[in-house]
1. Show me the ranking of peptides 91-97, 113-119, 227-233 by mean Cβ neighbours inside 10 Å, starting with the highest.
2. Have a look at ALA146, ILE14, HIS66 and report the one farthest towards the positive end of the charge dipole of the stretch 7-263, computed about the Cα centre with Cβ charges (Lys/Arg +1, Asp/Glu -1).
3. Within the stretch 149-220, report the GluC sites (Glu not before Pro) that DSSP leaves as loop and that have at most 12 other Cβ atoms within 10 Å.
4. With a cut-off of 8 Å between alpha carbons and a minimum separation of six or more residues, what is the relative contact order of the chain in percent?
5. To the nearest 20 Debye, how big is the dipole of the stretch 130-237 about its Cα centre, given +1 on the beta carbon of each Lys and Arg and -1 on that of each Asp and Glu?
6. With the cut-off at 1.5 for a/c, could you classify the stretch 157-230 from its C-alpha gyration tensor as rounded, prolate or oblate?
7. Compute the long axis of helix 7-20 from its Cα atoms, compare it with the longest principal axis of the Cα atoms of the chain, and write down the angle in degrees, 0 to 90, nearest 10.
8. Which value in deg cm²/dmol, rounded to the nearest 500, describes the helix-derived mean residue ellipticity at 222 nm for the chain, given -39,500 (n - 2.57) per DSSP H run of n ≥ 4 and division by the residue count?
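Since every read-out is calculated from the coordinates, none of them should be taken as a lab result. All values derive from a computational prediction rather than experimental measurement. Please note: Cβ atoms are built from the backbone with ideal geometry, for glycine as well, and neighbour counts cover all protein chains shown.
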Amino acid sequence: MGDHPLLEPLLAAIAARRAARPGRMVVAGLCGAQGSGKTTLAAALTARLEAGGTRAATLSLDDLYHTRAERQALARRVHPLFVTRGVPGTHDVALGLATLAALDRGEAAPLPLFDKATDDRVPAAQWPHAPAPLAVLVLEGWCLGARPQAAAALADPVNPLERVEDADAIWRSHANRALAGDYQHLFARIDLLALLAAPDFAVVARWRDQAEQALRQRGAPGAMDKTAIARFVQHYERLTRHILAEMPDRADLVAWLDANRQVVGQGRTETRSSANFGSGT
């Protein structure tokens, strides 16, 4: 398999931003639904930058999740669905802002780490440190760069999870308010935003099942079956659909994916007005 079709455009865009503001760390953001391949792309991008002599590191929005105890407290205080990590409100945004501030100061800052197997944050003593001074931070996450929905859009549930378990819209409203708050301060530090656009939301469950199938084959504890996956992905459906509808018009780079994660179209929206689409491989 060759390089991701978005890799060279990303490298070129990063180089342009570094040239425009010498000495300032560039934050390259990658957004994409679960299973879209953003983690793999982030690793490849960081490796290419490092191979070219650029100090680079990767940080996932997933690594900023609140601890399990903190999410349990949020679930008791606001809504039971917040015990499940993922939606806005379940991340320690203050930790993310502090980490980026330290990196901007040129420090060899520790990069937070979350262990999904234990559903908890790794002890800080075990966090890796970024090379200093860091030139490029590749920041990736399923809702990275997302904007909140209009309040009126929250009224109608988008799936059975919302209809049955969030009938009064407390959970989704709190998540939307969180997204409108400090998340926007964190996202404002992104210099370059790229989107891996899934063909639709229905494929997300299939992609997740492929990942869980590999875990099941290894006998990993906590691996989900299809029924559990179907419920799990409903936590992310609302915001994923919203991102797919509104982000392509403002992202700097877009890769349109098919159901097999192959890039079938690419867009560069540097003018924020139109995309120059081409075929991917």
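1. 91-97, 227-233, 113-119
2. Final value for the positive-end residue is ILE14.
3. Of the GluC sites (Glu not before Pro), not one in the loops of the stretch 149-220 has a Cβ with at most 12 other Cβ atoms within 10 Å.
4. The normalised contact order for the chain reaches 23 percent.
5. On the way: 11 positive and 13 negative charges, 49 e Å.
Rounded to the nearest 20 debye, it is 240 debye.
6. Numbers: a/c = 2.11, a/b = 1.32, b/c = 1.60.
Verdict is oblate for the stretch 157-230.
7. In the chain, helix 7-20 runs at an angle near 60 degrees to the longest axis.
8. After summing the helix terms and dividing by the residues of the chain, the value is -11500 deg cm²/dmol.
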